[in-house]
1. Mind checking which residues of region 5-39 are under 21 Å from Ile73 (Cα atoms) and of a type in the set (D, E, K, R)?
2. Being hydroxyl-bearing (Ser, Thr, Tyr), more than 30 Å from Asn159 (Cβ to Cβ), out of contact with any Phe, Trp or Tyr (no Cβ under 6 Å at 6 or more places or on another chain) and assigned to a helix (DSSP H, G or I) narrows it down to one residue among Thr5, Thr95, Thr102; which is it?
3. Could you tell me which of the residues Tyr80, Tyr138 is farther than 26 Å from Ile60 by Cβ, of a type in the set (Ser, Thr, Tyr) and assigned to a loop (DSSP other than H, G, I, E, B)?
4. Here is a list: Thr36, Thr95. Which entry is exposed (fewer than 14 other Cβ atoms within 10 Å of the Cβ), of a type in the set (S, T, N, Q) and either modelled with pLDDT of 90 or more or touching a helix residue (DSSP H, G or I) at 6+ places or on another chain (Cβ under 6 Å) (or both)?
5. Among the candidates Ser15, Ser44, Ser78, Ser72, single out the residue that is in contact with a helix residue (DSSP H, G or I) (Cβ under 7 Å, 6 or more places away or on another chain) and either at negative phi or not acidic (Asp, Glu) (or both).
6. Kindly establish whether Val126 is assigned to a helix (DSSP H, G or I), without any contact (Cβ under 8 Å) to a residue 12 or more places away in the chain, more than 30 Å from Ile60 (Cβ to Cβ) and among the hydrophobic types (A, V, I, L, M, F, W, C).
7. Determine, yes or no, whether Val88 is of a type in the set (Val, Ile, Thr), within 28 Å of Ile24 (Cβ to Cβ) and surrounded by fewer than 13 Cβ atoms within 10 Å (Cβ to Cβ).
8. Restricting to region 1-33, and then to whatever is loosely packed, with under 14 Cβ neighbours inside 10 Å and basic (Lys, Arg), can you tell me which residue is nearest to the chain's Cα centre (by Cα)?
Amino acid sequence: MTNKTKQYLKENFDSKLYMNQHYIKDEKAIIPIYITNIDDIYISYDEQKQVLRPELISYIEDIAYYVPYDISIVLEFSGYSFKEKEKVRLMENITNQFGMKTHDMEVELNYNAKKAIKLFVVGSIVLAISFMIRTLQYTNYVSEILSIIGTFSIWEFVNTIWFERKEKRVNKLNAGQLSVCTVTFQEEEKNESEIKN
């Protein structure tokens, strides 16, 4: 069991090589999206065709997560012949949807900063009170409880400012990278090549 565990821990995967082999071409990350119908893109109860399917969003985000930030992302749609209005609407909706995610992450980062400050202030005050009343008679029990509460608040402050904030910043960068992505339609390239011939 120990040997197997060590073997699993040693296992590594070269995600950069994988991305270069499958998605990155000419310093751009091409995410292929094959659809057969416009309804494959939008959620079924959205008549105005403005909200993208969660499955599509997840698919894009799962691949984009491994794309380095210095490489621009291209969403390449194929399999369906888009009308001009559908193309414009789709490009706007992708920008808007990932733009809203970027905004949400900014709001969460602001909330995270305020939460961290409150935890630090509360933790520091409670610890200070704990140390001050420790010298008084019959307050050892209360002092210990306050010490635990203060220590917990300081630990939550560290967790909030270090771990949670880092994750939210990564999510904001990912959403921002996708909000400025390029959208292409493969049938356009076919038509252009036919015109040239």
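The values are calculated or read from the model by the stated rules, or taken from the named source; none is laboratory data. On a predicted model such as this, the values are computed, not experimentally measured, just so you know. Here the Cβ is made from the backbone with ideal geometry for all residues, glycine too, and neighbour counts use every protein chain on show.
1. Our first condition is that a residue be under 21 Å from Ile73 (Cα atoms); within region 5-39, this holds for 14-35.
Result: Asp14, Lys16, Lys25, Asp26, Glu27, Lys28.
2. On the way: Thr5 fails: more than 30 Å from Asn159 (Cβ to Cβ); Thr102 fails: more than 30 Å from Asn159 (Cβ to Cβ).
Answer to the selection: Thr95.
3. Working: Tyr80 fails: farther than 26 Å from Ile60 by Cβ.
The unique qualifying residue is Tyr138.
4. Thr36 is the lone residue from the list that is exposed (fewer than 14 other Cβ atoms within 10 Å of the Cβ), of a type in the set (S, T, N, Q) and either modelled with pLDDT of 90 or more or touching a helix residue (DSSP H, G or I) at 6+ places or on another chain (Cβ under 6 Å) (or both).
5. Details: Ser15 fails: in contact with a helix residue (DSSP H, G or I) (Cβ under 7 Å, 6 or more places away or on another chain); Ser44 fails: in contact with a helix residue (DSSP H, G or I) (Cβ under 7 Å, 6 or more places away or on another chain); Ser72 fails: in contact with a helix residue (DSSP H, G or I) (Cβ under 7 Å, 6 or more places away or on another chain).
Result: Ser78 is the single residue among Ser15, Ser44, Ser78, Ser72 that is in contact with a helix residue (DSSP H, G or I) (Cβ under 7 Å, 6 or more places away or on another chain) and either at negative phi or not acidic (Asp, Glu) (or both).
6. Numbers: assigned to a helix (DSSP H, G or I): yes; without any contact (Cβ under 8 Å) to a residue 12 or more places away in the chain: no; more than 30 Å from Ile60 (Cβ to Cβ): yes; among the hydrophobic types (A, V, I, L, M, F, W, C): yes.
Judged against the criteria, Val126 is not a match.
7. Working: of a type in the set (Val, Ile, Thr): yes; within 28 Å of Ile24 (Cβ to Cβ): yes; surrounded by fewer than 13 Cβ atoms within 10 Å (Cβ to Cβ): yes.
So Val88 passes the test.
8. As a first pass, look at region 1-33 and keep what is loosely packed, with under 14 Cβ neighbours inside 10 Å: 1-18, 20-22, 25-27.
Keeping just the survivors that are basic (Lys, Arg) gives 4, 6, 10, 16, 25.
Values: Lys4: 33, Lys6: 31, Lys10: 27, Lys16: 19, Lys25: 23 Å.
Selected residue: Lys16.
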